[in-house]
Amino acid sequence: MTLLRYEPTDHIYGCECRSCTDKLRARTRAARRRSRSRYVTWGFPEEYSPTGTNDFRVVYSGMCAGPSDYSDLLAARAVSHPWFLIVWEPILTKAPSPSIARPWCCYIRTVIFYHWPHVVLSKRRGFAYYDQVETRLSHDALIEFEGETFKAGSAQVLWKRGRWWMRHWFRRERKE
């Protein structure tokens, strides 16, 4: 007869025994390795650093959006693929660098910057976080740039130039 050993899963973060600290270290190392390769790009030079102009007009900024100032957003057309537009939106937050904070996008326009490595507050309260902000553009935003209309696709939070940015990919809409 084989005896099943009960091992609680939520004791690791508060436990000081050697096996728990080793498990936590291994999990943290594995998570760091995964997080290094998670940034996805299409390979356009405009995607690697916030560049461009703010000479565009936001037609529709998405669901649940109020009036906003879009003067600090930067838009750059992909030179090799003119139907793509990359828009850089600076996130107005005081969250620290990615060495101790991890962004998590949830809902339509909310970004939460969690403490890294994760700190469990309690079972009901969840994880500790630095800041929770709302972005100004959403996944269904429309922008007019150089006489053409672009529709938002996906977005990604990145740390560039000493601050957090949301990089949006827009695709040109067909004229009908």
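Taken together, the values in this text are just the output of simple stated rules run on the coordinates, not laboratory data. Predicted model only: the values in this text are computed from it and were never measured. Note: ideal-geometry Cβ built from the backbone for every residue, glycine included; neighbour counts use all protein chains shown.
Worth pointing out:
- Alpha-carbon centroid distance for the pair the range 160-176 / the range 109-141, whole angstrom: 21 Å
- Under 10 Å, Cβ to Cβ, from M166 - net charge with Lys/Arg +1 and Asp/Glu -1: +2
- Filtered trypsin sites (Lys or Arg not before Pro), the range 116-165: DSSP coil and at most 11 other beta carbons within 10 Å: K123, R124, R125, R161
- Ratio of Rg to Rh for the range 75-176: 1.08 [Cα atoms; Kirkwood radius as inverse mean 1/r over pairs].
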